[in-house]
Amino acid sequence: MPLPARILKIVTVVIAFLLIALAFAAWHFHHNGNALWQIISQQCVPGQQQNNDPSPCQRVNIAEGYVTLKDRNGPLQYLLMPVARISGIESPALRDPATANFFALAWQQRYLLTMRHGAVVPDSAISLAINSEYGRTQNQLHIHLSCLSPAVRQQLDRLTPQLNSHWQPKTLHQHRWLIRTLTSAELTQQSSFIRLMQEVPQAQQEMGKYGLALATLSDGRLALMAIERDWLRMNRASAEELQDHRCTILH
């Protein structure tokens, strides 16, 4: 006797989930999740301190606690990372107000895209993203500074009149996101990680389930965007999905 359609659908989803989980686990087993930390601790920081040479990083700022590194993926993508060992968005260090405001620091480094591009890259084309604990490949906190997807740019432009300083559920890139607006001053005054923990109750105890992104709106405000992991929808909360490392938005 054939299974009812609803049961068959559930079984199919469970099997698909298990296959994806196994593939992801196998990939992580063979992947060096400490590669970024090794670059920071063994090359960039010692090089800067001993020889005033931050390479392969572009910059090592010990006083403010971060480095910037050109990512191999994409013509303009950079990573901003702590000089300290901080695993990712789930790290207790990010709950401490004394910890550097890495999202604000990353936004300040957006001039790197213009320098590398050789022409002005407008703020409307730029985004920040940090993936969840389940949506990343490296166990050193790293913020992706890259181009925004053209499709997401259009979605945000349409949403701009609806957005305000309260978190609202919206759909971006076919996933459910929480979005709130920020001023430039608010971005600088408080860590976006602390803001998410304080304002979204579910994030208080499970920050590792969230990815976080930042982009501008068409009226000049900033949009802070959070995505929560959802295994049933095959969503690992990879905030990087809003970015286009090929930077087609510039063409």
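The values are calculated or read from the model by the stated rules, or taken from the named source; none is laboratory data. In this text, all values refer to a predicted model and were calculated from it rather than measured experimentally. Cβ atoms come from the backbone with ideal geometry, glycine included; neighbour counts cover every protein chain shown. Heads up: the accessible areas ignore ligands, DNA and RNA and are worked out on the full protein's heavy atoms, side chains in. Shrake-Rupley method; radii C 1.70, N 1.55, O 1.52, S 1.80 Å.
Table for the structure above
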quantity	calculated
Failed criterion for residue 65 (all others in (1) modelled with pLDDT under 95; (2) on the phi > 0 side of the Ramachandran plot hold)	(1)
Scope segment 85-120; condition within 18 Å of residue 185 (Cα to Cα) and touching a Phe, Trp or Tyr at 6+ places or on another chain (Cβ under 6 Å); matching residues	105
Answer residue from segment 225-251, given it is over 14 Å from the mean Cα position of the chain (by Cα) and free of Cβ contacts under 8 Å to residues at least 60 places away in the same chain and is nearest to residue 193 (Cα to Cα) among those	230
Some residue of segment 178-191 being open to solvent by less than 10 Å² (accessible area, probe 1.4 Å), of a type in the set (Gly, Ala, Ser), within 25 Å of residue 86 (Cβ to Cβ) and within 17 Å of the chain's Cα centre (by Cα)	no
Candidates 155, 162, 138 - the one that is closer than 26 Å to residue 97 by Cβ, surrounded by fewer than 20 Cβ atoms within 10 Å (Cβ to Cβ) and out of contact with any Ser or Thr (no Cβ under 7 Å at 6 or more places or on another chain)	138
Restricting segment 205-221 to residues that are of a type in the set (S, T, N, Q) and open to solvent by 70 Å² or more (accessible area, probe 1.4 Å), the residue that is modelled with the highest pLDDT	218
Residue in segment 71-82 that is within 29 Å of residue 248 (Cβ to Cβ), modelled with pLDDT of 55 or more, touching a Lys or Arg at 6+ places or on another chain (Cβ under 7 Å) and among the hydrophobic types (A, V, I, L, M, F, W, C) present	yes
Check on residue 109, polar (S, T, N, Q) and touching a residue at least 40 places away in the same chain (Cβ under 8 Å)	yes
Test result for residue 224, part of a strand (DSSP E or B), crowded, with 21+ Cβ neighbours inside 10 Å, touching a Phe, Trp or Tyr at 6+ places or on another chain (Cβ under 7 Å) and at pLDDT 95 or above	no
Conditions (1) in contact (Cβ under 8 Å) with a residue 12 or more places away in the chain; (2) surrounded by fewer than 20 Cβ atoms within 10 Å (Cβ to Cβ); (3) not hydrophobic (A, V, I, L, M, F, W, C): number failed by residue 122	(1)
Qualifying positions in segment 47-73 - more than 22 Å from residue 130 (Cβ to Cβ) and of a type in the set (S, T, N, Q)	48, 49, 50, 51, 52, 55
The one condition in (1) small (Gly, Ala, Ser); (2) surrounded by 19 or more Cβ atoms within 10 Å (Cβ to Cβ); (3) part of a loop (DSSP other than H, G, I, E, B) that residue 98 fails to fulfil	(2)
Every residue from segment 44-83 that is farther than 30 Å from residue 122 by Cα and surrounded by fewer than 17 Cβ atoms within 10 Å (Cβ to Cβ)	46, 47, 49, 50, 51, 52
Condition met for residue 132 (surrounded by 13 or more Cβ atoms within 10 Å (Cβ to Cβ) and within 16 Å of the chain's Cα centre (by Cα))	yes
